[in-house]
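S.K.: Starting off with a structure, shown below.
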Amino acid sequence: MNRRTFLLGAGAALSLPVSGVRAQGAQITGAGATFPNPVYQKWAEAARGAIGMQVNYQSVGSGAGINQIRNRTVDFGATDAPLTAQQLTEGNLLQFPTVMGSLVAIVNIPGIENDQLKLTGPILADIYLGKITRWNDARIVEINPGLSLPSLAIAPAYRADGSGTTFVWVSYLAAVSQEWKDKVGVGTSVRFPAGTGARGNEGVAGTVRQVRGAIGYVENAYAISNRLVTTQIRNKAGNFVKPDQESFLAAASAADWSVPGFAANVIDQAGPNSWPIVAPTFILLPTNPTDATRSANVRRFFDWCFANGDNLAKELEYIPLPEATKTAVRAAWRAQFGA
């Protein structure tokens, strides 16, 4: 099935059977990462009909989500950049993953169609370092024989807000480029040497769609929903792979969830078919909630998502957590909250 037909079919999955006890009037609020926003909105829509849960989720970026949950202005925060064990302790927070997603490079180059262009991690790093400035650069031409690349200026787009999506992207660039690691580093907000900033995945997607010669990074669902042109990327095994479910799942299978805070690293994993930029996204839940009922409803919502939301996630090309990881998350809830 074509990647774009997955998204078009997502609406049909919303007619889910009602299960469990309907909790009329139950409401929870969350804010944070834009990376999982498409699947959180679909899960919220489905859970409203299935268990009567009203979920208000605002995709304001991971940095803002972390601040809001620290200030207890929402019931849960969401971040793509996991907090350290020390940060979790200091903030009285429990961290758990919900789903995995993939970042893709998106381009707007006249004559170049979806997944035709091949790029490498070092080339992507040098584009964002400002060292490669035109699409017919010799290094890009060399790995794209037979592809007509114009003498068009490259216009990099990046997230202007504090962003877990940026954290994942620059974690990849740092993994494949020592110069990037030394000069720019990793964080939810870094000083990009080249390009133009835009707010949210929506802003980056919109910039790339509008600007000839642009390149950006977004969650795969945004590339699909905005009908943007994605690229192949060379993985750690040296193979050029397309961004599809097969390559995402190949990378996700290598995740190690035994680390503190479930902060598995899935960046640039080995494997002949692995997509190199896959990452989990996380929820932050207070261990000392101001409202125990709302905290319990957050856990109830995500428990329902774990049990019923995998198909919706797949249709949006996210990667569901392994069942063993879901079991471990539920065990962490019980250990902390007793239920």
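The values are calculated or read from the model by the stated rules, or taken from the named source; none is laboratory data. Predicted model only: the values in this text are computed from it and were never measured. As a convention, Cβ positions derive from the backbone with ideal geometry for all residues, glycine included, and neighbour counts pool all protein chains shown.
S.K.: Quick one: which of Ile69, Ile112 is in contact with a Phe, Trp or Tyr (Cβ under 9 Å, 6 or more places away or on another chain), farther than 26 Å from Ala33 by Cα, surrounded by 18 or more Cβ atoms within 10 Å (Cβ to Cβ) and touching a residue at least 12 places away in the same chain (Cβ under 8 Å)? Can you show your working first?
M.R.: On the way: Ile69 fails: farther than 26 Å from Ala33 by Cα.
Testing whether each residue is in contact with a Phe, Trp or Tyr (Cβ under 9 Å, 6 or more places away or on another chain), farther than 26 Å from Ala33 by Cα, surrounded by 18 or more Cβ atoms within 10 Å (Cβ to Cβ) and touching a residue at least 12 places away in the same chain (Cβ under 8 Å) leaves just Ile112.
S.K.: Also: Any residue at all in region 46-55 that is of a type in the set (D, E, K, R), at pLDDT 95 or above and over 20 Å from the mean Cα position of the chain (by Cα)?
M.R.: Filtering region 46-55 for residues of a type in the set (D, E, K, R) gives 48.
Retained after the next criterion (residues that are at pLDDT 95 or above): 48.
Adding the requirement that they be over 20 Å from the mean Cα position of the chain (by Cα) leaves 48.
Yes - at least one qualifying residue is present in region 46-55.
S.K.: Another question about this same structure. Condition test on Ala279, is it surrounded by 22 or more Cβ atoms within 10 Å (Cβ to Cβ), among the aliphatic types (A, V, I, L, M) and touching a strand residue (DSSP E or B) at 6+ places or on another chain (Cβ under 6 Å)?
M.R.: Criteria not met by Ala279.
S.K.: Specify which of the listed residues (Ala125, Ala153, Ala105) is surrounded by fewer than 22 Cβ atoms within 10 Å (Cβ to Cβ) and among the aliphatic types (A, V, I, L, M). Working first, answer last.
M.R.: On the way: Ala125 fails: surrounded by fewer than 22 Cβ atoms within 10 Å (Cβ to Cβ); Ala105 fails: surrounded by fewer than 22 Cβ atoms within 10 Å (Cβ to Cβ).
Criteria check complete, one pass: Ala153.
S.K.: Filter region 251-262 for residues that are surrounded by 19 or more Cβ atoms within 10 Å (Cβ to Cβ) and farther than 16 Å from Glu323 by Cβ and give the result.
M.R.: Initial filter on region 251-262 (surrounded by 19 or more Cβ atoms within 10 Å (Cβ to Cβ)): 251-252, 255, 261-262.
Once the filter is applied, which keeps residues that are surrounded by 19 or more Cβ atoms within 10 Å (Cβ to Cβ) and farther than 16 Å from Glu323 by Cβ, region 251-262 yields Ala251, Gly261.
S.K.: Restricting to region 240-255, give me the number of residues that are modelled with pLDDT under 90 and assigned to a loop (DSSP other than H, G, I, E, B).
M.R.: Count: 3.
S.K.: Quick check on my filter: what residues within region 177-201 are in contact with a strand residue (DSSP E or B) (Cβ under 9 Å, 6 or more places away or on another chain) and of a type in the set (A, V, I, L, M)?
M.R.: Matches in region 177-201: Val190, Ala194, Ala198.
S.K.: When Tyr222 is evaluated against the numbered criteria (1) closer than 30 Å to Leu152 by Cβ; (2) buried (at least 18 other Cβ atoms within 10 Å of the Cβ); (3) in contact with a strand residue (DSSP E or B) (Cβ under 6 Å, 6 or more places away or on another chain); (4) aromatic (Phe, Trp, Tyr), which criterion, by number, is the only one it fails?
M.R.: So Tyr222 meets the others, but not (3).
S.K.: I need the full set of residues from region 104-133 which are of a type in the set (Val, Ile, Thr) and within 17 Å of Gly238 (Cα to Cα), in order please.
M.R.: Looking only at region 104-133, we keep the residues that are of a type in the set (Val, Ile, Thr), and these are 104, 106-107, 109, 112, 120, 123, 127, 132-133.
Across region 104-133, the qualifying residues are Thr120, Ile123.
S.K.: Can you spot a residue in region 279-286 that is of a type in the set (Phe, Trp, Tyr), within 30 Å of Ile154 (Cβ to Cβ) and within 15 Å of the chain's Cα centre (by Cα)? Quick ask: steps written out before the conclusion?
M.R.: First pass over region 279-286, keeping only residues of a type in the set (Phe, Trp, Tyr): 282.
Cutting the leftovers down to within 30 Å of Ile154 (Cβ to Cβ) gives us none.
Within region 279-286, none of the residues are of a type in the set (Phe, Trp, Tyr), within 30 Å of Ile154 (Cβ to Cβ) and within 15 Å of the chain's Cα centre (by Cα).
S.K.: Looking at (1) at pLDDT below 95; (2) surrounded by 22 or more Cβ atoms within 10 Å (Cβ to Cβ), can you tell me which one Gly200 breaks?
M.R.: With (1) at pLDDT below 95; (2) surrounded by 22 or more Cβ atoms within 10 Å (Cβ to Cβ) applied to Gly200, the lone miss is (2).
Residue by residue, here is whether (1) touching a His at 6+ places or on another chain (Cβ under 9 Å); (2) touching a residue at least 24 places away in the same chain (Cβ under 8 Å); (3) not in a helix (DSSP H, G or I) holds:
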position: Phe282; (1), (2), (3): no, yes, yes
position: Leu285; (1), (2), (3): no, yes, yes
position: Ser295; (1), (2), (3): no, yes, no
position: Phe301; (1), (2), (3): no, yes, no
position: Lys314; (1), (2), (3): no, yes, no
position: Thr327; (1), (2), (3): no, no, no
position: Ala335; (1), (2), (3): no, no, no
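S.K.: With the requirement that a residue be loosely packed, with under 15 Cβ neighbours inside 10 Å and aliphatic (A, V, I, L, M), what does region 72-89 give you?
M.R.: Residue satisfying the conditions is Ala85 alone.
S.K.: Tell me which residues, restricted to region 81-116, are part of a loop (DSSP other than H, G, I, E, B) and either touching a His at 6+ places or on another chain (Cβ under 6 Å) or within 19 Å of Tyr158 (Cβ to Cβ) (or both). Give the steps one after another, and end with the answer.
M.R.: Start the filter on region 81-116 by keeping residues that are part of a loop (DSSP other than H, G, I, E, B), which leaves 81-84, 91-92, 108-116.
Within region 81-116, Ala81, Asn108, Ile109 meet the criteria.
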